[in-house]
Structure formats: C-alpha cells, structure tokens
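Below: the structure, in structure tokens.
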Amino acid sequence: MKRSIELSGKSQSTLNNYIRRIALFVLHFNRLPEQISEDEINEYLVALARDPKSPSRSSFKHMVYGLRYYYRLLGMNKKAIALPSLKRETKLPVILNRKELKENGNRSGKIKNTCIRYIN
C-alpha cells in the first residue's frame, strides 16, 4: 500500500492517515477489511459519522478514502465503489457592508489597495 500511494503522488501524511484509520477499523472488527460485509461497513461508517466524540470530518474522510484505496489495491473495486461519496461543504463568501469596506480600506494604508476594493 505504501509504495502505491507514494507512486500516485500522495504525501506521507496521507499515507499515515490512511493506515491509522484502517488500523482503527481492523481493531474495531478484529478482522481484515476484505472479510467484513458491506452492511457492517455501512453501519460502522454511519455510527462514525453520527458520533459526537468523532474527532472531525477529515478523520471520517480519511477512513472512507483509506478503505476505498485499500479495496482498489486488492482488486475489490465493487466494494470500493459501494463506499459513500463525500460532498464538499459549501461555504458562502463573507459580504461586507459599506462601513466595513471603509474600515478595511483605511487599515491597509495603500491608496492602490483602497481603490481596488472600491472598484470591485
């Protein structure tokens, strides 16, 4: 797994995160991932997603992507595809009112930056 991740251009931290998440998964079930049914995997992922003690959304992503990568390495593409797809959270841009624009323009001290802010 390590070699294929390095060949694909992923970073060492990505490799570490994938391995850590797969290890937690194996410890939870006391079996290798290829020996676990799709229903058990989905139940585990749902519980992980709903758990308020779960570290973060990124840890959930690493679990899903790590398992997906692991299954593809073993040639189990059907299991890899069955894992949930993750959607990005969309963040709306912050829109400043006129007063905030003037305050931000005055902070920079450069006329060029102030003019650009007012033009846009």
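So which residues in the stretch 32-73 are outside any helix (DSSP H, G or I) and either outside the structural domain of N17 (by TED's automatic domain parsing) or farther than 19 Å from N16 by Cα (or both), if there are any at all?
Scanning the stretch 32-73 gives I36, S37, D51, P52, K53.
Would you check which residues across the stretch 21-41 are surrounded by 13 or more Cβ atoms within 10 Å (Cβ to Cβ), in contact (Cβ under 8 Å) with a residue 12 or more places away in the chain, closer than 15 Å to Y71 by Cβ and of a type outside the set (A, V, I, L, M, F, W, C) and list them?
If the condition is that a residue be surrounded by 13 or more Cβ atoms within 10 Å (Cβ to Cβ), in contact (Cβ under 8 Å) with a residue 12 or more places away in the chain, closer than 15 Å to Y71 by Cβ and of a type outside the set (A, V, I, L, M, F, W, C), then R21, P33 are the ones that fit.
Just a yes or no: is a residue in the stretch 5-14 in contact with a Phe, Trp or Tyr (Cβ under 9 Å, 6 or more places away or on another chain), part of a helix (DSSP H, G or I) and either at pLDDT 75 or above or among the small types (G, A, S) (or both)?
yes
The values are calculated or read from the model by the stated rules, or taken from the named source; none is laboratory data. All of these numbers come straight from a predicted model, not from anything done at the bench. Here Cβ is always computed from backbone atoms with ideal geometry, including for glycine, and neighbour counts include all displayed protein chains.
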